[in-house]
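Peer 1: Below you'll find the structure I mean.
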Amino acid sequence: MTAEPAPAPSFAGLHHRPGEPLLLPNAWDHASAAALAARGFPAVGTTSLAVAAAVGLPDGQGATREHTVGLALILGSGPYLLSVDAEDGFSRDPDEVAELARRLWAVGAVGVNLEDGLGPVRRHAAKIAAVKAAVPGLFVNARTDTYWSGDGDETETLRRLDAYQEAGADGVFVPGVTDPGHIAALVRHTAVPLNVLHSPTGPTLGQLAGLGVRRVSLGSLLYRRALGAALDAVTDIAAGRAPAGTTPSYAEVRALERSVPASESANSTG
């Protein structure tokens, strides 16, 4: 008798695998997300920098709400678990952030990143509580920017993480922290999974696992690397050299296409 395949882990479950942090690569369009899923990554995130850069808008200033929702609409039906970088929720009003969470959940997102931007702790905690009340199943990763754009004050970091956990955050995110001692202290203090941002000059994935980190995000790194690779390639071509690095074929990229319903295809052709 053939054994039934094991059920796919939930997004929350991916944060609780012993000794194996969730490595979350961040995509910026359908092709990048599909390619990452094809490499075996069960979950992908979006990156606000790429969403903003693609349309020439500033990152982190609340200018890309509809672009973010639009990308989630494209990616939410993909064969992977989707977490959306929603900046600070694009509003100071917790109810408006909760409504955004409902929209993201409706199009297939299972997680959301909400950053505090070093704004008032109580306001960010209220946003987290509102989202969890509106969409209990959505994994809320509460980010504090004390290391990213602040001075890395440990007392302030812990104060913020305590408030966000109390408000119902499923995970906490401290981008910019790379010192192993500081990371270990954060792990010991938090009751929910700790997420850090991978740094090419910081601890390796294995070292972060040993410290107890449960999620490692790549943020905008892959997007910036892709942009850098394009610039390197055109520079090589202009200099008469063959571009180095991996170049997927036309057919390989076509293989990543979504199936388009017949009605949608007809409408697009007029």
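Peer 1: Using amide H atoms built 1.01 Å from N in the peptide plane, name the residues 5+ places from F173, or on other chains, whose amide H lies under 5 Å from its own.
Peer 2: Hits under the 5 Å cutoff: A142, R143, T144, N195.
Peer 1: Using a 1.4 Å probe on the protein chains only, how many percent of the accessible area of segment 20-239 belongs to carbon and sulfur?
Peer 2: Taking all protein chains in place, segment 20-239 shows 55 percent carbon and sulfur surface.
Peer 1: Another question, then. Residues with beta-carbon under 14 Å from that of T190, excluding T190: net charge, scoring Lys, Arg +1 and Asp, Glu -1?
Peer 2: Here the charged neighbours net out to +2.
Peer 1: Can you give me the long-range amide H partners of R214? Hydrogens built in the peptide plane at 1.01 Å from N, cutoff under 5 Å, separation of 5 or more residues or another chain.
Peer 2: Under 5 Å from the amide H of R214 lie the amide H atoms of L194, each far enough along the sequence or on another chain.
Peer 1: Same structure, new question: Sticking with the crude label model, points 7 Å out along Cα→Cβ, report the distance from H16 to S91 in nm, one decimal please.
Peer 2: 3.1
Peer 1: Give me the net charge for the shell around A167: Cβ to Cβ below 14 angstrom, other residues only, Lys and Arg +1, Asp and Glu -1.
Peer 2: Charge balance near A167 sits at +3.
Peer 1: Over segment 6-110, calculate the relative contact order: mean separation of alpha carbon pairs under 8 Å at least 6 apart, over the residue count, as a percent.
Peer 2: Taking the mean separation of contacting Cα pairs over the length of segment 6-110, I get 25 percent.
Peer 1: Right, something else. Let me check against my output: what whole-number percent is the relative contact order of the chain, with C-alpha pairs under 8 Å and at least 6 apart?
Peer 2: Relative contact order of the chain: 17 percent.
Peer 1: Of all alpha-carbon pairs in segment 1-94, indicate the percentage at a distance above 22 angstrom.
Peer 2: Considering segment 1-94, 38 percent of its Cα-Cα pairs are separated by more than 22 Å.
Peer 1: Using the Karplus curve 6.51 cos²θ - 1.76 cosθ + 1.60 with θ = phi - 60°, what ³J(HN,Hα) values do you get for each residue of segment 83-88, in whole Hz, with x for Gly and Pro?
Peer 2: 10, 10, 7, 10, 6, 9
Peer 1: Please work out the Kirkwood hydrodynamic radius for segment 84-208, using every pair of different C-alpha atoms, and report it in angstroms with one decimal place.
Peer 2: Values: mean 1/r = 0.0687 Å⁻¹.
That comes to 14.5 Å for segment 84-208.
Peer 1: So what J values fall out for segment 123-132 if you push phi through Karplus, 6.51 cos²θ - 1.76 cosθ + 1.60 with θ = phi - 60°, rounded to Hz, Gly and Pro as x?
Peer 2: So the J values, rounded to whole Hz, are 5, 5, 4, 5, 4, 4, 4, 5, 5, 5.
Peer 1: Another question about this same structure. Rounded to whole Hz and in sequence order, give me ³J(HN,Hα) for segment 239-253 from the Karplus expression 6.51 cos²θ - 1.76 cosθ + 1.60, θ = phi - 60°, writing x for Gly and Pro.
Peer 2: Per residue, the Karplus-derived 3J(HN,Hα) values read 8, x, 9, 6, x, 8, x, 7, 10, x, 6, 4, 5, 5, 5 Hz.
Peer 1: Starting from the Cα of R39, step 7 Å along the direction of its Cβ; do the same at R102; then give the gap between the two resulting points in nm.
Peer 2: 3.7
Peer 1: Among [x] 60, 41, 37; [y] 56, 53, 46; [z] 53, 36, 31, which one is Cα extents along the principal axes in Å computed from these coordinates?
Peer 2: Step by step, Cα extents along the principal axes in Å for this structure corresponds to label [y].
Peer 1: On to the next question. Take the eigenvalues of the Cα gyration tensor for segment 45-132, scale each by 5, and report the square roots as semi-axes in whole Å, largest first.
Peer 2: They are 20, 16, 10 Å, listed largest first.
Peer 1: Another question, if that's okay. Once you've got the GNM for the chain with C-alpha springs shorter than 10 Å, pick whichever of A53, A33, A230 has the biggest mean-square fluctuation.
Peer 2: A230
Peer 1: Name the shape class, rounded, prolate or oblate, that the alpha-carbon gyration tensor gives for segment 131-270, where a ≥ b ≥ c are the square roots of its eigenvalues, rounded holds for a/c under 1.5, and otherwise prolate holds if a/b is larger than b/c and oblate otherwise.
Peer 2: oblate
Peer 1: Mind telling me which of D170, D93, D153 comes out most flexible in a GNM of the chain, alpha-carbon contacts under 10 Å?
Peer 2: Among D170, D93, D153, the largest GNM mean-square fluctuation belongs to D153.
Peer 1: In the chain, once you exclude exposed trypsin sites (Lys or Arg not before Pro) (DSSP loop, at most 15 other Cβ within 10 angstrom), what's the longest stretch remaining?
Peer 2: Free of exposed loop sites, the longest segment is 93-240.
Peer 1: Between H30 and T246, what length comes free when the chain is fully extended (0.36 nm per residue of separation minus the Cα-Cα distance, one decimal in nm)?
Peer 2: 75.9 nm
Peer 1: Per-residue ellipticity at 222 nm for the chain, helices alone: DSSP H runs ≥ 4 residues times -39500 (n - 2.57), over residue total, nearest 500 deg cm²/dmol?
Peer 2: Helix-only estimate at 222 nm: -12500 deg cm²/dmol.
The values are calculated or read from the model by the stated rules, or taken from the named source; none is laboratory data. Because the structure is a prediction, the values reported are computed rather than measured. Methodologically, a virtual Cβ is constructed for each residue, glycine included, from the backbone with ideal geometry; neighbour enumeration extends over all protein chains shown. Heads up: the accessible areas ignore ligands, DNA and RNA and are worked out on the full protein's heavy atoms, side chains in. Shrake-Rupley method; radii C 1.70, N 1.55, O 1.52, S 1.80 Å.
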